[in-house]
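Written out below as structure tokens is the structure these notes cover.
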Amino acid sequence: MNQPILSVKDLTYVYMKSTPLEHQALLGVNMEITEGEIVAIIGHTGCGKSTLIQHFNGIHFPQTGHVMINGMDLTKPKLDVKSLRRQVGLVFQNPEDQLFEKLVGDDIAYGPFKMKLPLEEVRERVKWAMEMVGLPFDEMKDRATFALSGGQKRKVALAGVLALRPKILVLDEPTAGLDPKSRRELLEKIKKLNQEEGITVIFVSHNMEEVAYLADRIYVMAGGKEVCHGTPEEIFTNPEIILQHRIGTPETVRTLHRLHEEGYAVNTGRFRVEDASTEIRKLLPE
Amino acid sequence: MANEPLLQVEDVSYSYKINSKETLQVLTDVSFSVQKGEYVAIIGHNGSGKSTLSKLLNGILVPEKGQVRVKNLLTSDRTQIKEIRRTVGMVFQHPDNQIVATIVEDDIAFGLENIGVPHDEMDARITGALEAVGMSEYRYRPPHHLSGGQKQRVAIAGILAMQPECLVLDEATSMLDSYGRDDVLAIMRKLHENGMTIITVTHHMNEVIEADRVIVIAEGKIAMVGSPREIFMRQQELESLHLDVPDCSRIAKVLHQEVSSFNATAMNPEEIVSEVKRLTHVNQEESKS
């Protein structure tokens, strides 16, 4: 049997505990993620998704419950946080705000450099990371970071995390704020990282088109708990879950559900544009 | 004049200094005007200059060349800046940059104090603004513990409380979930119905549908202007500008190619459904007769 690479058991988290402003963000989350999966975590704003993923590389530690990542128990006081952070690369929302070096190559090299790797390996890693996100090494390494477009900056930030060679990549709203073309490119790169390098990807997103494109599995969170999980098809074809937990759906799914409500026989799980078009085409006269 | 535009952008150019030698030209000779009560969407790829443009609309930036008028006030006239900002309110992409206080209520009061709203009027304005964005129950909460979407709604409330005539939203929904976004879009729609002028800068093509008029910016210039329907028919041009059309427009186009009577300009789920109904209904009638 496959051991999960990441498991969360009965995890709770309270902000500003024992103060009048105490706020319980997580109320017992359970989750199991297998190596090589792409998992989306979705849910209404304030459901605790960001708090949850901040546990995955040791920004928060479990107050009660357990988080196990690749054999490391995050509740253990003697946890090697450095090693954890090398295994789990966390890319924050708007990571481009965190670029601080003048040159692209230097910014990406910062992590591996701090790991005290030999210079040759730092260079190799930077080169690899840049190619993985679609930034040509020779052309881009000496570019000034501030003169990049938003999409390029985000790729640099992602490359900076990849250069640590994480086994698990955790992304918070990876494409928010990007224009449609940069968004598509970045999603393709993430998919490639998963398929070619076997990196497990966990991402939080509000963009259901993105979830439909990337995710093998979806966890739905509400009120500080995970309330259900399944493949995109399972989740998007279930109007009850969608309504009850106020999950957004891709526009294609919304259209198919509307047709279904009107009494047309369509498969609401066909959420890719081509598939949805084919589904609707079947309804139309010759 | 009765038809005096609320906003006039005339031959505006703007560039940023990279260092002592180089400058980065962001906008070149951009001109357009916005009428009172209009709903305008500005779209463009990352780095197209649309954010810079939005910052020129209430004098955060002042044009290098050309001018921006709010009603009859020039944004370059710094003595009028308060009046300009009272007329045109801005909501930014990152609410964290816009929230200053430690309690939601205080954050909204901050803007009101700045423009000299009397204390006894403040309470009603705060209540109204929080209601408009559905955040009443968070009135006494610290904003930094709210989620991104909730913070954005607080930021919008802060602007609404100042009762501007025009609201400029610079990718204000890009951090929200689809329900949060729908809420904000509904707020915008309602404000628009009540006569508020709305200018929204966005990457989300399905938000553009709500607008009366779309301005497409590319390489610092206006590349296209038209109704959302007109703009979305030009899919290839949009794609060449790193933009996109809503999925429903794509579906409509595919279906139109196969069934020529299917309206190729349908752009949202409702319009697709009504086209399917129209065509299948006609078909049923035919088979009956």
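The values are calculated or read from the model by the stated rules, or taken from the named source; none is laboratory data. This structure is a prediction, so every number in the text was calculated from the model and none was measured. Cβ coordinates were reconstructed from backbone atoms using ideal geometry, including for glycine residues, and neighbour counts include every protein chain displayed.
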Answer with yes or no whether residue A:251 is surrounded by fewer than 17 Cβ atoms within 10 Å (Cβ to Cβ) and either among the acidic types (Asp, Glu) or modelled with pLDDT of 90 or more (or both).
no
Given (1) closer than 26 Å to residue A:210 by Cα; (2) within 9 Å of another protein chain (Cβ to nearest Cβ); (3) surrounded by 14 or more Cβ atoms within 10 Å (Cβ to Cβ), identify the lone condition not met by residue B:280.
(1)
Identify all residues within segment A:128-164 that are of a type in the set (Asp, Glu) and under 21 Å from the mean Cα position of the chain (by Cα); write none if there are none.
A:131
Could you list all residues from segment A:246-282 that are part of a helix (DSSP H, G or I), over 28 Å from the mean Cα position of the chain (by Cα) and hydrophobic (A, V, I, L, M, F, W, C)?
A:259, A:280
Considering each of A:125, A:165, A:183 in turn, give the residue that is modelled with pLDDT under 90 and charged (D, E, K, R).
A:183
The number of residues in segment B:149-180 that are surrounded by fewer than 24 Cβ atoms within 10 Å (Cβ to Cβ), within 13 Å of chain A (Cβ to nearest Cβ) and at pLDDT 85 or above is 2
Restricting segment B:137-148 to residues that are surrounded by 15 or more Cβ atoms within 10 Å (Cβ to Cβ) and either over 25 Å from residue A:54 (Cβ atoms) or touching a Lys or Arg at 6+ places or on another chain (Cβ under 8 Å) (or both), the residue that is farthest from the other protein chains (Cβ to nearest Cβ)
B:139
The conditions are (1) away from chain B (no Cβ under 14 Å); (2) loosely packed, with under 15 Cβ neighbours inside 10 Å; (3) farther than 27 Å from residue A:273 by Cβ, and residue A:191 fails exactly one of them. Which is it?
(3)
With respect to residue A:97, is the statement that it is modelled with pLDDT under 90, among the acidic types (Asp, Glu), surrounded by fewer than 16 Cβ atoms within 10 Å (Cβ to Cβ) and in the same structural domain as residue A:154 (by TED's automatic domain parsing) true?
yes
Give the residues of segment B:27-50 that are within 12 Å of chain A (Cβ to nearest Cβ) and among the aliphatic types (A, V, I, L, M), sorted by residue number.
B:43
Output for segment A:250-274, where each listed residue is over 14 Å from residue B:273 (Cα atoms), touching a residue at least 12 places away in the same chain (Cβ under 8 Å) and within 8 Å of another protein chain (Cβ to nearest Cβ):
A:250, A:273
If we ask which residues in segment A:45-55 are among the hydrophobic types (A, V, I, L, M, F, W, C) and surrounded by 23 or more Cβ atoms within 10 Å (Cβ to Cβ), their number turns out to be 2
Exactly one condition in (1) within 14 Å of chain B (Cβ to nearest Cβ); (2) in a loop (DSSP other than H, G, I, E, B) is false for residue A:96; which is it?
(2)
If we keep just the residues of segment A:10-20 that are part of a loop (DSSP other than H, G, I, E, B) and surrounded by 11 or more Cβ atoms within 10 Å (Cβ to Cβ), which is nearest to the other protein chains (Cβ to nearest Cβ)?
A:16
Residues of segment B:34-83 satisfying the condition of being surrounded by fewer than 18 Cβ atoms within 10 Å (Cβ to Cβ), touching a residue at least 60 places away in the same chain (Cβ under 8 Å) and of a type in the set (Gly, Ala, Ser)
B:37
Can you tell me which condition residue A:282 does not meet? The list is (1) surrounded by fewer than 17 Cβ atoms within 10 Å (Cβ to Cβ); (2) within 11 Å of another protein chain (Cβ to nearest Cβ); (3) within 25 Å of residue A:50 (Cα to Cα), and all the others hold.
(3)
So which of B:21, B:65, B:82, B:71 ends up being out of contact with any His (no Cβ under 9 Å at 6 or more places or on another chain) and within 14 Å of chain A (Cβ to nearest Cβ)?
B:21
Does residue A:103 satisfy the condition of being in contact with a strand residue (DSSP E or B) (Cβ under 8 Å, 6 or more places away or on another chain), crowded, with 19+ Cβ neighbours inside 10 Å, modelled with pLDDT of 90 or more and more than 20 Å from residue A:9 (Cα to Cα)?
no
Pull up segment B:123-136, narrow it to residues that are more than 14 Å from every other protein chain (Cβ to nearest Cβ) and within 16 Å of residue B:164 (Cβ to Cβ), then point me to the one that is modelled with the lowest pLDDT.
B:132
Out of segment B:191-229, which residues are under 14 Å from the mean Cα position of the chain (by Cα) and free of Cβ contacts under 8 Å to residues at least 60 places away in the same chain?
B:191, B:204, B:209
For the condition surrounded by fewer than 20 Cβ atoms within 10 Å (Cβ to Cβ) and within 13 Å of chain A (Cβ to nearest Cβ), what is the one hit in B:273, B:254, B:225?
B:254
Of the numbered conditions (1) loosely packed, with under 13 Cβ neighbours inside 10 Å; (2) part of a helix (DSSP H, G or I); (3) at pLDDT 90 or above, residue A:116 satisfies every one except a single condition; which is it?
(2)
Quick one: residue A:236 ticks every box in (1) closer than 22 Å to residue A:89 by Cα; (2) more than 17 Å from the chain's Cα centre (by Cα); (3) of a type in the set (Phe, Trp, Tyr) except a single one, so which number is it?
(1)
